[in-house]
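The values are calculated or read from the model by the stated rules, or taken from the named source; none is laboratory data. Everything quoted here is computed from the prediction, not taken from an experiment. Cβ placement follows ideal geometry from the backbone for every residue including glycine, while neighbour counts extend to all protein chains displayed. Note: accessible area is taken over every heavy atom of the protein model, side chains too, but ligands, DNA and RNA are not part of it. Shrake-Rupley method; radii C 1.70, N 1.55, O 1.52, S 1.80 Å.
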Amino acid sequence: MQTKKIIGFLGGILIIQPYLLAESMHGTNEPQQHQTNVAEVLKMQKRLYKKGIFRSAIPAPPDDMLQRAIKGEMEGQYQLGCWFYEYIVYEEQCAQVSEAWLKMAALQELAEAQWQLGDLYRSYRNNEQLAKSWFKKSITSFEKRTDSTAYKFLYAIYYDGTGTEVNIEKAKEYALKYVIRCQQEKTQPRWIDLEPEIREYVLEQTKK
């Protein structure tokens, strides 16, 4: 299972914060509790506008998303970070802004944001040690939850071994919890996202 598939489990949104992280600037390998404040991030975004970055290929984010992020809502910050992450191939400053917003949400212990921040450090910053630190935090945060999204993510990460060791038994455990939780939530599980052998195991268990 590839990283892109796990990202899809997080809702199909890429995430990263609009902030120039101290870790990447100073080479530290532990998640820092410092974060750029909203005013600093907005100044960074304003500079992007002035540079004419937001042409048709890089649209400005929805205002409601921006306002929720400014108010400190971690979901809004996470989504805004994802928005800018989509465009990092066009401009390094998009990565900085994405990184900043994402970290704000990650420091509020939003598991999705922590995982995506780890992916940013691995895929974009090439900082494997720091990536693993955030992946570990993400797993811990997800394991505190009991919703189907969390169980689905944990299945994927233990099956793939991203940020942890491959553990097929745990993958089976969380896949089964995912399907059962979907039934409790009265939602349809996405069977296609489960690998064939895992899907077969879950089907056998749920028939008992």
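Brief remarks on what is shown
- Pair list, Cβ under 7 Å, 6 or more apart: region 145-156 residue closer than 7 Å to Y178 by Cβ and free of Cβ contacts under 8 Å to residues at least 60 places away in the same chain, other residue open to solvent by less than 40 Å² (accessible area, probe 1.4 Å) and small (G, A, S): Y155/A171; Y155/A175
- Against the test of being within 26 Å of A69 (Cα to Cα), modelled with pLDDT of 95 or more and of a type in the set (A, V, I, L, M, F, W, C), the options A150, A156, A171, A175 yield a single qualifying residue, A150.
- Flag if L102 is touching a Cys at 6+ places or on another chain (Cβ under 9 Å), touching a residue at least 24 places away in the same chain (Cβ under 8 Å) and open to solvent by less than 10 Å² (accessible area, probe 1.4 Å): yes
- Among the residues of region 32-59, just one is modelled with pLDDT of 85 or more and small (G, A, S), namely A39.
- Applying the criterion of at least 2 residues that are closer than 28 Å to F84 by Cα and either open to solvent by 20 Å² or more (accessible area, probe 1.4 Å) or not basic (K, R) (or both) to the helices (runs of 4 or more DSSP H) found wholly in region 111-208 leaves 111-123, 128-143, 148-160.
- Residue match in region 108-126 (condition: touching a residue at least 24 places away in the same chain (Cβ under 8 Å), within 12 Å of V41 (Cα to Cα), touching a Leu at 6+ places or on another chain (Cβ under 8 Å) and not β-branched (V, I, T)): no
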